[in-house]
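Colleague: Provided herewith is a single structure, encoded as structure tokens, for subsequent inquiry.
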Amino acid sequence: MAEQASEALPAASESGPYLAAGLVARVRERSGLVLDYSPESLALVDRIIDGLRQGGPKTTALARTLLTLGAYTGEVLVQTTGAAWVEFDAQQRAIFGQPFGIRTPDGRLWNPLGKAVKRYENGSQDSLRLFCLAVAGRTKG
């Protein structure tokens, strides 16, 4: 799913920030709301996903949208924790189901793109805001 949506994307270090910036611009243009790359802004992203869930399309129909929401989540983590975007190798892609993610300064890999898909599929139990706070908390310890 996400691999198909991201085939034409450049390297992770460019794709993540590019997709996140596009989301910020679209949200501002369509609703006047500001996504400021703070962990708190992910509450709005959670609400956006809740709205998508109301419509009920299959995850595959929303692949690009969920990829973008996950990229914004990842960029929040990059800016909050000092993480870096990384390309996943073949084994990591098989595990995560995504082409790229982030590596926090403590060396851990995280999958914000996949987390956005889980948020869509599972609802509030997979909050992106709480995910960000958990990752940020682990990098400080």
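Colleague: Select, from T104, T73, T68, T59, the only residue that is over 23 Å from R138 (Cα atoms), β-branched (V, I, T), surrounded by 17 or more Cβ atoms within 10 Å (Cβ to Cβ) and touching a residue at least 24 places away in the same chain (Cβ under 8 Å).
Modeller: T68
Colleague: For D50, indicate whether it is in a helix (DSSP H, G or I) and among the acidic types (D, E).
Modeller: yes
Colleague: Being more than 11 Å from the chain's Cα centre (by Cα), in contact (Cβ under 8 Å) with a residue 60 or more places away in the chain and surrounded by 13 or more Cβ atoms within 10 Å (Cβ to Cβ) is the requirement here; does E40 meet it? Don't jump to the end; show me each part of the working.
Modeller: Details: more than 11 Å from the chain's Cα centre (by Cα): yes; in contact (Cβ under 8 Å) with a residue 60 or more places away in the chain: yes; surrounded by 13 or more Cβ atoms within 10 Å (Cβ to Cβ): no.
Taking the combined requirement at face value, the residue does not satisfy it.
Colleague: Taking the stretch 107-137, which residues are free of Cβ contacts under 8 Å to residues at least 60 places away in the same chain and charged (D, E, K, R)?
Modeller: Correct list: R108, K115, K118, D126.
Colleague: OK, next. If G74 satisfies every condition in (1) assigned to a helix (DSSP H, G or I); (2) more than 14 Å from Y37 (Cα to Cα); (3) in contact with a strand residue (DSSP E or B) (Cβ under 6 Å, 6 or more places away or on another chain) but one, which is the exception?
Modeller: The failed condition is (2).
Colleague: A follow-up question, please. Mind checking which residues of the stretch 87-101 are free of Cβ contacts under 8 Å to residues at least 12 places away in the same chain and charged (D, E, K, R)?
Modeller: Listed by number, the list holds a single entry, D89.
Colleague: Just to be sure before I move on: is S31 under 23 Å from P105 (Cα atoms), small (G, A, S) and without any contact (Cβ under 8 Å) to a residue 40 or more places away in the chain in the structure I sent? Let's see the steps before the verdict.
Modeller: Numbers: under 23 Å from P105 (Cα atoms): no; small (G, A, S): yes; without any contact (Cβ under 8 Å) to a residue 40 or more places away in the chain: yes.
So S31 fails the test.
FYI, it's all coordinate maths here, none of it is from the lab. On a predicted model such as this, the values are computed, not experimentally measured, just so you know. Neighbour counts run over all protein chains shown; Cβ positions are idealised from the backbone, glycine included.
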